[in-house]
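Working notes, structure below.
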Amino acid sequence: MDLVIGKFDINLVGDKPFVTKEQSVDNLWSKRLQLLSDHFPTKQLFCANDAYITETPLRVNLSDVFDPGGSFNSLGIYVSHVFHKNGHSTDTDLDRILSPPDCLGPQAIREFRIKRLVAGPPGTGTALHQHSRAFFCNIEGKKRWFLAAPTEENSGMLREYAYDLKNKSIRSIDDWFTEDAPRLMQSLTDCNLVDLGPGESLYIPDEYYHAVLNMELTTGIAFSWQKESQIVPT
């Protein structure tokens, strides 16, 4: 997996995933989370209890998510809190504090499709799926990613594993990564397993297959845009 240093234009990065790392000695993202915890401890964050972290009526206090000794670790739920959607803020507090990272550069498009705060205990994650281009900033914890190019051959092999919103019965993400992912990687092309640590970010191209497993209690920010064909450069 390539490592990209410095700023880049999200419109021009192409169809291969890559990792970036924070260059500052200070963890800016952790400071932003601390700012949220200090000023909005009772803010309610939306949570999911399925394998695609879809929005549900479940909620948890922000302070509980970031409390190392709290009960969030044992609940088996996953924070999936959208704070910006289709060019409009849906949570002004988070949207103001969790601004896009500097590495996206001045040419990054300004109207995101989605900005989302995600957090989950070990063993939780997201089942195999696809969507428009995205950039995930991992703030705390370790997150394992399964990535596969959306080729015709790969799609034929992965179609049965892709998450179906109409049929939410699916084996645990932990089991999928332990049993299915290693076997699939022997047959797929342009396929990777990537462990993302604190301060690391991952670019995911349009329609790239991916699944995610939280190896530890993790927190991150997901940014996504429209597909390349729908992007109008600024």
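The table below lists the values:
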{"read-out": "Every residue from the range 201-225 that is in a strand (DSSP E or B) and in contact with a Ser or Thr (Cβ under 7 Å, 6 or more places away or on another chain)", "value": "SER201, ALA211, VAL212, ASN214, SER224"}
{"read-out": "Breaking point among (1) among the β-branched types (Val, Ile, Thr); (2) modelled with pLDDT of 80 or more; (3) buried (at least 17 other Cβ atoms within 10 Å of the Cβ), for VAL4", "value": "(3)"}
{"read-out": "Some residue of the range 129-148 being under 23 Å from PHE46 (Cα atoms), crowded, with 21+ Cβ neighbours inside 10 Å, modelled with pLDDT of 90 or more and among the polar types (S, T, N, Q)", "value": "yes"}
{"read-out": "Residues being in a strand (DSSP E or B), among the basic types (Lys, Arg) and within 24 Å of ILE10 (Cα to Cα) - total across the range 59-107", "value": "1"}
{"read-out": "Residues satisfying the stated conditions in the range 13-55, i.e. closer than 27 Å to ASP93 by Cβ, in a strand (DSSP E or B), at pLDDT 85 or above and among the aliphatic types (A, V, I, L, M)", "value": "LEU45"}
{"read-out": "Sole exception among (1) of a type outside the set (Ser, Thr, Tyr); (2) modelled with pLDDT under 90; (3) not in a loop (DSSP other than H, G, I, E, B) for GLY123, by number", "value": "(3)"}
{"read-out": "ILE10 vs. criteria modelled with pLDDT under 90, surrounded by 17 or more Cβ atoms within 10 Å (Cβ to Cβ) and not in a strand (DSSP E or B)", "value": "yes"}
{"read-out": "Qualifying residue in the range 84-93 (condition: buried (at least 19 other Cβ atoms within 10 Å of the Cβ) and at pLDDT 90 or above)", "value": "yes"}
{"read-out": "Subset of the range 162-185 [more than 19 Å from the chain's Cα centre (by Cα), surrounded by 14 or more Cβ atoms within 10 Å (Cβ to Cβ) and modelled with pLDDT under 90]", "value": "ILE170"}
{"read-out": "PRO100 buried (at least 17 other Cβ atoms within 10 Å of the Cβ), over 14 Å from ILE221 (Cα atoms) and not aliphatic (A, V, I, L, M)", "value": "no"}
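The values are calculated or read from the model by the stated rules, or taken from the named source; none is laboratory data. Quantities reported herein were computed from a predicted structural model and do not represent experimental measurements. Glycine also receives a Cβ, built like all others from the backbone with ideal geometry; neighbour counts cover every protein chain displayed.
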